[in-house]
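Q: Okay, here's the structure, questions in a sec.
The values are calculated or read from the model by the stated rules, or taken from the named source; none is laboratory data. Bear in mind that the values here come from a model prediction, so they are computed numbers and not experimental data. Cβ placement follows ideal geometry from the backbone for every residue including glycine, while neighbour counts extend to all protein chains displayed.
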Amino acid sequence: MSDFSNGLNEDQIQLQKWVHDFADKVVRPAAHEWDEREETPWPIIEEAATIGLYSLDFIASMFGDPTGISVPLVMEEMAWGDAGIGLAIFGTTLGVAGIFGNGTPEQIAEWVPQCFGTPEKIAVAAFCVSEADAGSDVSSMRTRAVYDEATDEWVLNGTKTWITNGGIADIHVVVASVEPDLKGRGQASFILPPGTKGLSQGQKFKKMGIRASHTAEVILEDVRVPGRMLLGGKDKLDARLARAREGLTGERSQAALSTFETTRPAVGAQAVGIARAAYEYSLDYAKERKQFGRAIIENQAIAFKLAQMRMYTDAARLLVWNASWRGASGKGFEAAEGSQSKLFAGETAVRVTDDAIQILGGAGYIRDHPVERWHRDAKIFTIFEGTSEIQQLVIARAISGLHIN
């Protein structure tokens, strides 16, 4: 088990610099354009693939870091460049995490490479969980998967919503209810490969922020997939369902929640990147902007606000790094540290970007400066992968040992 440290080793320092250079020279200059277009930035994803940033090898090495710090390093730098483009590039990792978290070694080996494709032919993946009436309440999921024993196929019907890469993905990982009476414990995950009949894109959403990332409905109409597309296999599912029917409480593997538990610190790192971008921009602006004969940073009202922006950003990063380390090192979570990191970082991003607009004044409210975009981007981090309220519920349950509603 790796010890926790705030110091970066040489490999991590080089990794941070490499990703920062890409974010600085490629991502940030294109951010305004793709935010306005509200389209997937395929040329930038292709450029990321060309240099190896968007690839299975890179993701594997990033997640394979025993300290856990490489993941938040990369996510922070990319979101510092632009959160929407960063999510367009790394949104595939949600689907990959769903396969890793629930699949057999054979399924992982077969399908994870197909989530990325090649630099010559890019592929992306989607993780389909949320529904119109089952966002935070994943246990109320209505999408059904019914096993057809005669053909050894699963038949899926339902509509998923707010799905990153939904409908445009080559690989869709779909969480569906197999036994609705068992709520979250009666769910399973399925791989829907390219060209799956009955899968279509519904409404594409026009969003407040992260607009370079594609978000849409995924409609499933009598979708049939072979039995081998059930992640983990039917024997494992049958055993899990049997334990759930007997009321055994030891079974904690929910297909959706197990994936989110592993990704929340990475989401928190993206929020830290936005907050850092806003803080740095505001600091530079406050040093250069003069009123009444002096730089506005010489006023306590501005200087103290910047001091708090830096403090909250650094504190959020420490929570993210701690949670990432605990997850990667096997230390485990004692007080829902993953949820703590995502909650605090998301709230910090909203606070810091709001302060940035206030420091810039009227200039911060117009699109000539990026702080208004960062503020729009920040808000989603208090909503997706569990709202701030859900994170507090998870933390409260962890520290109390009680099932608080």
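Q: Scan segment 71-93 and give yes if some residue there is polar (S, T, N, Q) and in contact (Cβ under 8 Å) with a residue 60 or more places away in the chain, otherwise no. Let's see the steps before the verdict.
A: As a first pass, look at segment 71-93 and keep what is polar (S, T, N, Q): 92-93.
Remaining after also requiring in contact (Cβ under 8 Å) with a residue 60 or more places away in the chain: 92-93.
Checking segment 71-93: at least one residue is polar (S, T, N, Q) and in contact (Cβ under 8 Å) with a residue 60 or more places away in the chain.
Q: Counting just the residues of segment 90-106 that are touching a Gly at 6+ places or on another chain (Cβ under 8 Å) and among the polar types (S, T, N, Q), which one comes out farthest from residue 72 (Cα to Cα)? Step through it out loud before you land on a result.
A: So in segment 90-106, the residues touching a Gly at 6+ places or on another chain (Cβ under 8 Å) come out as 102-104.
Applying the additional criterion that residues be among the polar types (S, T, N, Q) yields 102, 104.
On the way: 102: 23, 104: 26 Å.
Among residues in segment 90-106 that are touching a Gly at 6+ places or on another chain (Cβ under 8 Å) and among the polar types (S, T, N, Q), the one farthest from residue 72 (Cα to Cα) is 104.
Q: Can you name the number of the only condition in (1) surrounded by fewer than 15 Cβ atoms within 10 Å (Cβ to Cβ); (2) closer than 26 Å to residue 88 by Cβ that residue 106 fails?
A: Among (1) surrounded by fewer than 15 Cβ atoms within 10 Å (Cβ to Cβ); (2) closer than 26 Å to residue 88 by Cβ, residue 106 violates only (2).
Q: Out of (1) buried (at least 23 other Cβ atoms within 10 Å of the Cβ); (2) at pLDDT 95 or above; (3) in contact with a Phe, Trp or Tyr (Cβ under 9 Å, 6 or more places away or on another chain); (4) not polar (S, T, N, Q), what's the single condition that is false for residue 343?
A: (3)
Q: Now for a different question. From the set of residues in segment 135-167 that are surrounded by fewer than 16 Cβ atoms within 10 Å (Cβ to Cβ) and out of contact with any Gly (no Cβ under 8 Å at 6 or more places or on another chain), which is nearest to residue 40 (Cα to Cα)?
A: By that ranking, first place goes to 137.
Q: A follow-up question, please. From the list 132, 97, 123, 88, which residue is touching a strand residue (DSSP E or B) at 6+ places or on another chain (Cβ under 9 Å), surrounded by fewer than 24 Cβ atoms within 10 Å (Cβ to Cβ) and under 20 Å from residue 47 (Cβ atoms)?
A: On the way: 132 fails: under 20 Å from residue 47 (Cβ atoms); 97 fails: under 20 Å from residue 47 (Cβ atoms); 88 fails: surrounded by fewer than 24 Cβ atoms within 10 Å (Cβ to Cβ).
The unique qualifying residue is 123.
Q: Inspect segment 172-179 for any residue being among the charged types (D, E, K, R) and part of a helix (DSSP H, G or I) and give the result as yes or no.
A: Step one: list which residues in segment 172-179 are among the charged types (D, E, K, R), which gives 179.
Add one more test, that the residue is part of a helix (DSSP H, G or I), and what stays is none.
For segment 172-179, residues among the charged types (D, E, K, R) and part of a helix (DSSP H, G or I): absent.
Q: Follow-up. Does residue 246 satisfy the condition of being surrounded by fewer than 23 Cβ atoms within 10 Å (Cβ to Cβ) and modelled with pLDDT of 95 or more? Can you show your working first?
A: Numbers: surrounded by fewer than 23 Cβ atoms within 10 Å (Cβ to Cβ): yes; modelled with pLDDT of 95 or more: no.
No, not satisfied.
Q: Next question, about the same structure. Of the residues 53, 15, which single one is under 19 Å from the mean Cα position of the chain (by Cα) and either at pLDDT below 95 or closer than 15 Å to residue 73 by Cα (or both)? Step through it out loud before you land on a result.
A: Values: 15 fails: under 19 Å from the mean Cα position of the chain (by Cα).
On inspection, the qualifying residue turns out to be 53.
Q: Residue 110 versus (1) at pLDDT 95 or above; (2) of a type outside the set (A, V, I, L, M, F, W, C); (3) in contact with a helix residue (DSSP H, G or I) (Cβ under 7 Å, 6 or more places away or on another chain): which is the lone unmet condition?
A: Checking residue 110 against (1) at pLDDT 95 or above; (2) of a type outside the set (A, V, I, L, M, F, W, C); (3) in contact with a helix residue (DSSP H, G or I) (Cβ under 7 Å, 6 or more places away or on another chain), the one that fails is (3).
Q: If I filter segment 98-123 down to residues being among the β-branched types (Val, Ile, Thr) and in a loop (DSSP other than H, G, I, E, B), which single residue comes out as farthest from residue 173 (Cα to Cα)?
A: 118
Q: I need the full set of residues from segment 137-166 which are over 18 Å from residue 101 (Cα atoms), touching a Leu at 6+ places or on another chain (Cβ under 8 Å) and either hydroxyl-bearing (Ser, Thr, Tyr) or not in a strand (DSSP E or B) (or both), in order please.
A: Result: 143, 159, 164.
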